[in-house]
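I have placed the structure first, in the form of structure tokens, so that the comments after it can refer back to it.
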Amino acid sequence: MSARRKSPGRRQGAAGWLFVSPTIVVLGLFLLVPVLMALWVSFSDWSGVGSPLAPGVRFIGTRNYQQLLSGGSLAETNFGTSLRNNAWYVVFVVPIQTAVALFLAVLVNRSILRGRGFFRTAFYFPSVTSSVAITVLWLFLFSTTGAVNKALSFLGINGPNWFNDPDGIVHLFLRLFGVQNGPAVLTDHTALGIPLWEWVAGPSVAMSAFILMAIFTTSGTFMLLFIAALQNLSGEVQEAAMMDGANGWQRFWQITLPQLRPTLFTVLTLGLIGTWQVFDQIYTGTRGAPDNTTVTPSYLSYTSAFGSQEWGQGAAIAFILFVIIVVFTIVQRVVLRERAVSKRRMRLYDPAARVGTARTTSEVSR
């Protein structure tokens, strides 16, 4: 009898595997195999000529990784510079674009707002525009005589030479208070060939323009995810909170935002992956200038492989970047995971638990 019950399930499982097998074959052929070949290249001395699996290609172990992570070579300095630039890019873009996307979603989801369809389209439109076209437009807007500096001049502010200024914004802020040089603990110690004082310089003025562009072009996409999540929330809890006298901010912070946790995790994960893989804006815009302050690991991987013909180092940078993304995603998942309510807090909301606690306390007092 049990064998008869299991046979339909087995047939359905076999049919399912049969239907998905073409997709598995395509993904394995065009995704898994290239990834494995790139992994082999990162451990080899392949010169880019011929096949990476040719007999003349030697296995050199972790030499490519060592050149990037230690040794004091130019490769280490360039890689450290790219990590510093991209880290500040992530620090600014991910939280700001998430907050802006959530704000826009709450704004256009209000039933009292007229023309909600127009505003949703307007906010989303930059996300579907070509990144190359947006980058070219940004170069004109943020040029020395561009519209941004013109607007700042009306406010009495002398705008910077955006894409030619390598100074970090944190250092520029400290200079306002007379701080020109950092303490010895930061200037005398290095990490990946970069002094710690340069690590805390903040994004350069040029990278700051790219940060603004990323926020402008990606907030619309994440706004749609938040809108879909907001429209699936039940209004009964909101009505109950209103009956209890909760104001708008309390309802948003205590009720709405906790229910958006899965969507928030998705948005942060996608934002984290996208910001660590920024390439086309740099390639189209500055190509790492000025003074390598806009170089990112993705762009460095490209220039190392296709420019300097260091194919092993280019592949190694790509896999180090992959590890960084995976680690940050895991950490983010741990931080945003659902946490069990403690027994002490459960007693505050469970009447039966409160009655049991009261009985136990009375028996002890007797």
More than 24 angstrom separation, counting every C-alpha pair in segment 179-319; what % is that? 56 percent
Tell me which trypsin sites (Lys or Arg not before Pro) from segment 106-205 have a DSSP coil assignment and no more than 12 other beta carbons within 10 Å of their own. 110, 114
Choice from 228, 38, 289 showing the highest fluctuation, given a GNM over the chain with Cα pairs closer than 10 Å: 228
In a GNM of the chain with a 10 Å cut-off on Cα contacts, which of 268, 192, 336 has the highest mean-square fluctuation? 336
Once you have a ≥ b ≥ c as the square roots of the Cα gyration tensor eigenvalues for the chain, tell me rounded if a/c is under 1.5, and otherwise prolate or oblate according to whether a/b is larger than b/c. oblate
Over all Cα pairs of segment 36-148, the Kirkwood radius sets Rh, and Rg/Rh then becomes 1.20
What is the gain in length, in nm to one decimal, between residue 237 and residue 154 on full extension, counting 0.36 nm per residue of separation less the C-alpha to C-alpha distance? 25.1 nm
Please report the relative contact order for the chain, taking Cα pairs under 8 Å with a sequence separation of at least 6, and give it as a percent rounded to a whole number. 24 percent
Residue of 31, 113, 18 that the Gaussian network model of the chain assigns the largest fluctuation, springs spanning Cα pairs under 10 Å: 18
Pull up all non-local amide H partners of residue 44: gap of 5 or more, or a different chain, and H-to-H distance under 5 Å with H placed in the peptide plane. 60
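Every number here is computed from the coordinates shown, using simple stated rules; none is lab data. The structure presented is a predicted model; accordingly, all values stated were derived computationally and were not measured. As a convention, Cβ positions derive from the backbone with ideal geometry for all residues, glycine included, and neighbour counts pool all protein chains shown.
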